[in-house]
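Structure first, commentary second.
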Amino acid sequence: MSRILRGSLPVLLAATGCDAPLSIFSRASDSAARISTLGWFMIILSGVIYIGVMAAMVAAMLRNRRRNPADVDLTERSVGWIVWGGAVMPAIALLATFVVGVAAMGRYPEPRPAVTIRVTAKQWWWQLDYEVPGLPNQFRTANEIHIPVGKSARLLLASSDVIHSFWVPRLQGKLDVIPGETNDLRLLARKPGTYSGACAEFCGTQHAHLGLVVVAEDWVSFAQWGAHELTDGAAPHDSITLMGQRLFVTGPCALCHAVRGTPARAEIGPDLTHVGGRASLAAGTLRNTLGNLAGWIANAQSLKPGSKMPTMTMYSGAELRALATYVESLK
């Protein structure tokens, strides 16, 4: 048993570490810090209660070893132990947890949001519509949220199909995303970095592959990124990308996806205008590489079964390479 405990301790520490991708003990934002404080309070309180219960059990065992098994007594002292241990102490523990929990959930003054993002959860990806003061137009992207460090970002959460739950634990607590409703969530990162997120409500066969990332960066970098997102997709720069663009806009890709600056303007799937600049594909399922792009285009069902992306068997090897190269160039 001791070997098992020693072997599992590093795993437990890694899973609960402040720098783990989905750690609830991060202090990268004020909201996350309050949740972390509540989590540590409950862990320490549970440990104290556990030690107290074990100590009482051991004391009772030692005491009863010296007694005649036929003697059963219910003294005033034993009744006091029952009242204190079964009613008073649990009430104190629950009240303390309630007070700390209310403090963690309390509303704090939020600065005026620097950016508003309409997040629409879908099976199984996130659609992101940005409204940034200072930029002339809105723009749409997917799965990778960019926010400015030290400034509040307002997220308006909605769902187009089933119940989801938006969760970026190192920045904020989870919030359900419900069809027909719009929930309001604020993110305010105190430190620059990339923060992993996930859907925290079972939403179908690919629930485990409904991920996202939040990129917190300084205001200048964020403004540059936003201005770039407003631009059209990159034009073909050689014969291969030219062939890939032709295949994209005249083939089945244009029936579901949009690339601004081309005839492809569908809104069923993610907007791919700048998909080549994202870190991952298919809502965090794959790293964004040319090989993974080609595999995803050719047979997405083998990589993410049940997704709305159909299997493409009509392309030759050269056509598939050209199409993947064109999509990769959209940065």
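If we sort 219-232, 190-203, 294-307 on the protection proxy, mean other Cβ atoms within 10 Å, highest first, what's the order? Can you show the working numbers first?
On the way: 219-232: 14.6, 190-203: 18.1, 294-307: 16.4.
Result, highest mean first: 190-203, 294-307, 219-232.
Once amide H atoms are built 1.01 Å from N in the peptide plane, which residues 5 or more positions from Lys308, or in another chain, come under 5 Å H to H?
Result for Lys308 returns Trp124.
Run lengths n ≥ 4 of DSSP H only: what is the helix-derived mean residue ellipticity at 222 nm for the chain, with -39500 (n - 2.57) per run over all residues, to the nearest 500?
Numbers: 8 runs with 125 residues, N = 331.
Only helices count here, giving -12500 deg cm²/dmol.
How many percent of the accessible area of the chain is carbon or sulfur, using a 1.4 Å probe?
Details: 11670 of 18440 Å².
Its accessible area is 63 percent carbon and sulfur atoms.
Which GluC sites (Glu not before Pro) in segment 260-331 pass both tests, a DSSP loop state and at most 11 other beta-carbon atoms within 10 Å? Walk me through the numbers before you get to the answer.
Working: sites: Glu267, Glu319, Glu328; in loops: Glu267.
Filter output for segment 260-331: Glu267.
Angle between the Cα long axis of helix 290-303 and the longest principal axis of the chain, 0 to 90 degrees, nearest 10?
60 degrees
Counting alpha carbon pairs within less than 8 Å and at least 6 residues apart, what relative contact order, in whole percent, applies to the chain?
Values: 562 pairs, mean separation 47.5, N = 331.
14 percent.
Scan around Leu286 for amide H atoms under 5 Å from its own, H built in the peptide plane at 1.01 Å from N, and keep only partners 5 or more places away or cross-chain.
Hits under the 5 Å cutoff: Leu281.
Angle, helix 30-65 long axis vs. longest principal axis of the chain, Cα atoms, 0 to 90°, nearest 10?
It works out to around 30 degrees.
At 0.36 nm per residue, and after removing the present C-alpha to C-alpha distance, how many nm does the segment from Leu135 to Tyr50 gain when stretched out fully?
On the way: separation 85, 0.36 × 85 = 30.60 nm, distance 5.58 nm.
Result: 25.0 nm gained on full extension.
Based on the Cβ-Cβ distance from Ser239 to Thr182, what FRET efficiency comes out when R0 is 51 Å, to the nearest 0.05? Mind dumping the intermediate values first?
Values: r = 47 Å, r/R0 = 0.91.
About 0.65, to the nearest 0.05.
Collect residues whose amide H, placed 1.01 Å from N in the peptide plane, falls under 5 Å from the amide H of Asp218; neighbours closer than 5 in sequence don't count.
Here Val149 satisfy the definition.
Please calculate the 1.4 Å probe accessible area of Val53, with all protein chains present, and give it to the nearest 10 Å².
80 Å²
Quick check for you: with a 1.4 Å probe and neighbouring chains kept, what is the accessible area per residue of the chain, in Å²?
On the way: 18440 Å² over 331 residues.
Per residue, the chain has an accessible area of 56 Å².
Glu267 versus Phe98, label points 7 Å from Cα toward the beta carbon: distance in nm?
4.7 nm
Which lysines does Lys191 reach when only Cα atoms under 19 Å apart count, and residues fewer than 8 places away in its own chain are ignored?
Partners found: Lys151.
Using alpha carbons only, how many degrees (0 to 90, rounded to 10) separate the axis of helix 2-16 from the longest principal axis of the chain?
50 degrees
Tell me, what ³J(HN,Hα) does each residue in segment 237-253 have, in order and in whole Hz, if you take phi through Karplus 6.51 cos²θ - 1.76 cosθ + 1.60 with θ = phi - 60° and put x for Gly and Pro?
10, 7, 5, 5, 5, 5, 5, x, 5, 4, 5, 5, 7, 9, x, x, 4
The values are calculated or read from the model by the stated rules, or taken from the named source; none is laboratory data. This one's a predicted model, so the numbers in the text were calculated from it and none came from an experiment. Every residue, glycine among them, receives a Cβ derived from its backbone with ideal geometry; neighbour counts consider all protein chains shown. Ligands, DNA and RNA are excluded from the accessible area calculation, which covers all protein heavy atoms including side chains. Shrake-Rupley method; radii C 1.70, N 1.55, O 1.52, S 1.80 Å.
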